[in-house]
1. Semi-axes of the chain's equivalent ellipsoid from the Cα gyration tensor, sqrt of 5 times each eigenvalue, largest first, rounded to whole Å?
2. With θ set to phi - 60° and the Karplus curve 6.51 cos²θ - 1.76 cosθ + 1.60, what are the ³J(HN,Hα) couplings of the range 202-209 in order, to the nearest whole Hz, using x for Gly and Pro?
3. Along its three principal axes, how long is the range 180-282 when you only count alpha carbons? Whole Å, largest extent first please.
4. If each residue of separation counts as 0.36 nm, what is the full-extension length gain between R171 and F246 once their alpha-carbon separation is subtracted?
5. About its Cα centre, what dipole magnitude does the range 67-119 give when the only charges are +1 on Lys and Arg Cβ and -1 on Asp and Glu Cβ, stated in debye to the nearest 20?
6. Which values, in whole Å and largest first, are the semi-axes of the equivalent ellipsoid of the range 93-203 obtained as the square root of 5 times each eigenvalue of the Cα gyration tensor?
7. Under 5 Å between amide hydrogens, which residues at least 5 positions from V102 or on another chain qualify, with H placed 1.01 Å from N in the peptide plane?
8. For L164, list long-range residues whose amide hydrogen, built 1.01 Å from N in the peptide plane, is under 5 Å from its own amide hydrogen.
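What follows draws every value from the coordinates through simple rules; no lab data is involved. No experiment lies behind these values; they were computed from the predicted model shown. Cβ placement follows ideal geometry from the backbone for every residue including glycine, while neighbour counts extend to all protein chains displayed.
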Amino acid sequence: MTVPNITLNDGTTIPQLGFGTFLIDDADAERAVTEAFEAGYRHIDTATIYRNEAGVGRAIAASGIPRDELYITTKLWDDAHTGDAAKRAIETSLEKLGLDRVDLYLIHWPVPAHGTYVEAWENLIRFREDGLATSIGVANFVGQRLDDIISATGVTPAVDQIELHPAFQQRVVVDFAHARDIAIQAWGPLGQGKYPLLEEPAVTDAAQAHGKTPAQAVLRWHIQRGNIIFPKSTNAARVRENFDIFDFELTADEMAAISALDRPDGRVSADPEERNDIRPSK
Ligand code: NAD
């Protein structure tokens, strides 16, 4: 099974399917990421605030997988947007991961009320110039926030990583990003297990028609929509299940039925425009 690659606006490629690590603690991360590698995943999404970069790094080191076959993303936390803190943050992440560069480095949240995200973006541009990150992007940026950083620097983020699943599709944000050639990474692709997506008839019917599970039907919907995804599970069987989505194709009708689950109150996590409390990363 081959995971398709998506070409980003900086000319690099990213595997469309990866493994997410939110809420996997450091002690469990080595096992979980090792199981993901064994299942075939090569793209791992972590973040400073997940506090599991060292565990991810141990799994990378133990895997023996050549560096150029891996795609590793981590993220700059809210308390380190500015000044020397940003440089220290990426250096600490790299040290924990055991890497001399990450494939993708993101601003984790804009925290608009603090007015620091443009400076954070200038820092990421410098990190890319210095070879600490191959690609740079943002997470949880909507609309004008994207244009703020582009117009201030002339550099367009390679990706925008936003909450996105069939019940909350953020079509305005997606269209805005696509118009600027920014790829969409869909976090919470399964609705974080909080929204009963996997029980929706549109999902269960499509799954049944293809002999697949509801989770596989939802993940396949993302793939056919062109989203980059990295579902999370610490259950090895589910980790393998979530990887096994490249031997079937949803029909146009099945895609339309799942797309019709979009709803204004489908958000399962924080609204980035309102999330302005900075929790310390340590
Ligand atoms: P997700 O949608 O991947 O849901 C994870 C939950 O879905 C699991 O805890 C489990 O309960 C359930 N699940 C997983 N596989 C399943 C299966 N096969 N069958 C049934 N249930 C299954 O949510 P997520 O982990 O929040 O999102 C994925 C990744 O996105 C994260 O791990 C993280 O890497 C990233 N993320 C980024 C941000 C951000 O602000 N940038 C926020 C949240 C998550």
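1. Values: eigenvalues 164, 103, 55 Å².
One finds semi-axes of 29, 23, 17 Å for the chain.
2. Values, residue by residue: 4, 7, 5, 5, 5, 4, 4, 4 Hz.
3. So the extents along the principal axes, rounded to whole Å, are 46, 32, 30.
4. Working: separation 75, 0.36 × 75 = 27.00 nm, distance 2.47 nm.
Working it through step by step, the gained length comes to 24.5 nm.
5. Numbers: 6 positive and 10 negative charges, 11 e Å.
Using Cβ point charges on Lys, Arg, Asp and Glu, the range 67-119 gives about 60 debye.
6. Details: eigenvalues 150, 65, 29 Å².
One finds semi-axes of 27, 18, 12 Å for the range 93-203.
7. Correct list: A133, T134.
8. Answer set, sorted by chain and number: W187.
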